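This report refers to the structure that appears directly beneath it.
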Amino acid sequence: MKKSIITLLFGAMTLVAGAQQYTVSGKAPEGIKNVLLYNVTTRKADTTAVVNGRFSFSGDAADNVFAVVLVEENKNVPVILDGNVSVDIDAVKSAGTPENDGLSKWNAIAKKHAEELIKLMKEFEKLPKNNDNEPEDSAKGNRISESYKAVQKALAADIKQCCEENLNLKFPAYLLVNYNVMQKEDIVAIAEKNPVFMQVPLTQRMKKSIEGWKRQTPGVMFTDLTMADTTGVEHKLSEYVGKGKYVLIDFWASWCGPCRSEMPHVKALYDKYHDKGFDIVGLSFDNNKQAWIAGIKKLDIPWHHLSDLKGWNCVAGQIYGINSIPATLLVGPDGKVIAGGLRGEDLENKLAEIFK
């Protein structure tokens, strides 16, 4: 369950904090009396009245340069608050500086993909479902799912290209954070080039996660941690991992709907391969002990369970850079990571390959 999937609000060099004066102005759509400027980083908003059909904002953004000009729910324009910026709300475009020119160009490309993804999601939701909440027309459902994956892949490829071509600009941070579709290994590779957009406040949370993502890299030794079981007794992850078995580290929570939906399939794989050397350790992102224990009992999942009951601030999330659940990490008998993100059919196929 992602904290956010697609949302519209929100050369090596050293950035020096300092004044960043800006003016954002433009023509308001007919009938609009007020325009809002929402800062994505600070989450603060400024409102100005429309005078003679036009609006204008000015100020000092410091390092918090990412903002959105809003007039209606479906009419908003992302901007970079640096210099003189002109905004065309109807065209969803900002211009006047290299940062805003680049943002407008690449956001238009990403927005087109995002709109197609939303269209496909709505199309899938309209399909008649059977008792298992699966499409009655499975062939049509599969076609929509495959189309969705293809569009998502294209969106990720375009954002990756944008990042690689604009290492010395800030605006790619907006695309990275707001669309959140790039593969972790691609983000890690780009971050290692020390681009400007990884040095702005908007990407600091992602930058912190990158250190955790590196610990999920296939071939690296798993990183140990300590959490408590359901009785309150603390255990190290190393008590279960690196002891000669293939171990699935399952990051989940009792409040996570997709996690719970996944459990019957995971349990079936556990039952099938446990006697052959397969084990599971569930690391929970719960913060309510009673709900956590009730979830384990309700789902009837018999493997090892640990939690520090700190929710998204749990040590497991911090160490492994987990910002979306369900998530998994498959570790080999020697304690080295085999693969991350295995779920559903992918997990089934990988275990079948291991235990053939």
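The values are calculated or read from the model by the stated rules, or taken from the named source; none is laboratory data. Every value quoted in this text rests on a predicted model; they were computed, and no experiment measured them. Cβ coordinates were reconstructed from backbone atoms using ideal geometry, including for glycine residues, and neighbour counts include every protein chain displayed.
Quick rundown of the values:
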read-out	value
One residue from N84, N64 being under 28 Å from A189 (Cβ atoms), modelled with pLDDT of 90 or more and either out of contact with any His (no Cβ under 6 Å at 6 or more places or on another chain) or part of a helix (DSSP H, G or I) (or both)	N64
Cβ pairs under 8 Å, 6+ apart, first in region 327-356 and within 19 Å of R260 (Cβ to Cβ), second of a type in the set (A, V, I, L, M, F, W, C) and not in a strand (DSSP E or B)	T328/L342; T328/L347; L347/V266; L347/L269; E348/L269
Some residue of region 50-60 being touching a helix residue (DSSP H, G or I) at 6+ places or on another chain (Cβ under 7 Å), farther than 30 Å from Y148 by Cα and in a loop (DSSP other than H, G, I, E, B)	no
Residues of region 324-356 classified as of a type outside the set (F, W, Y) and either over 16 Å from F222 (Cα atoms) or not in a strand (DSSP E or B) (or both), total	22
Near pairs, Cβ below 9 angstrom, 6+ apart or cross-chain, from region 45-72 (among the basic types (K, R)) to any residue that is surrounded by 14 or more Cβ atoms within 10 Å (Cβ to Cβ)	R54/S25; R54/G26; R54/K27; R54/A28
Residues (surrounded by 13 or more Cβ atoms within 10 Å (Cβ to Cβ) and within 22 Å of the chain's Cα centre (by Cα)) located in region 224-257	L248, I249, D250, F251, W252, A253, S254, W255, C256
Residue tally, condition in contact with an Asp or Glu (Cβ under 7 Å, 6 or more places away or on another chain) and part of a loop (DSSP other than H, G, I, E, B), over region 148-183	3
Hits in region 160-187 - residues which are more than 14 Å from the chain's Cα centre (by Cα) and of a type in the set (A, V, I, L, M, F, W, C)	C162, C163, L167, L169, F171
Residue within region 191-202 that is farther than 27 Å from V247 by Cα, in contact with an Asp or Glu (Cβ under 9 Å, 6 or more places away or on another chain) and either part of a helix (DSSP H, G or I) or hydroxyl-bearing (S, T, Y) (or both) present	yes
Residues that are surrounded by fewer than 16 Cβ atoms within 10 Å (Cβ to Cβ) and in contact with a Gly (Cβ under 6 Å, 6 or more places away or on another chain), drawn from region 303-335	P333
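For every residue, the table says whether it meets (1) outside the structural domain of K170 (by TED's automatic domain parsing); (2) surrounded by 14 or more Cβ atoms within 10 Å (Cβ to Cβ); (3) closer than 23 Å to L176 by Cα; (4) in contact with a Cys (Cβ under 7 Å, 6 or more places away or on another chain).
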position	(1), (2), (3), (4)
F57	yes, yes, no, no
A67	yes, yes, yes, no
L81	yes, yes, yes, no
S104	no, yes, yes, no
A108	no, no, yes, no
I118	no, no, yes, no
P135	no, yes, no, no
A156	no, yes, yes, no
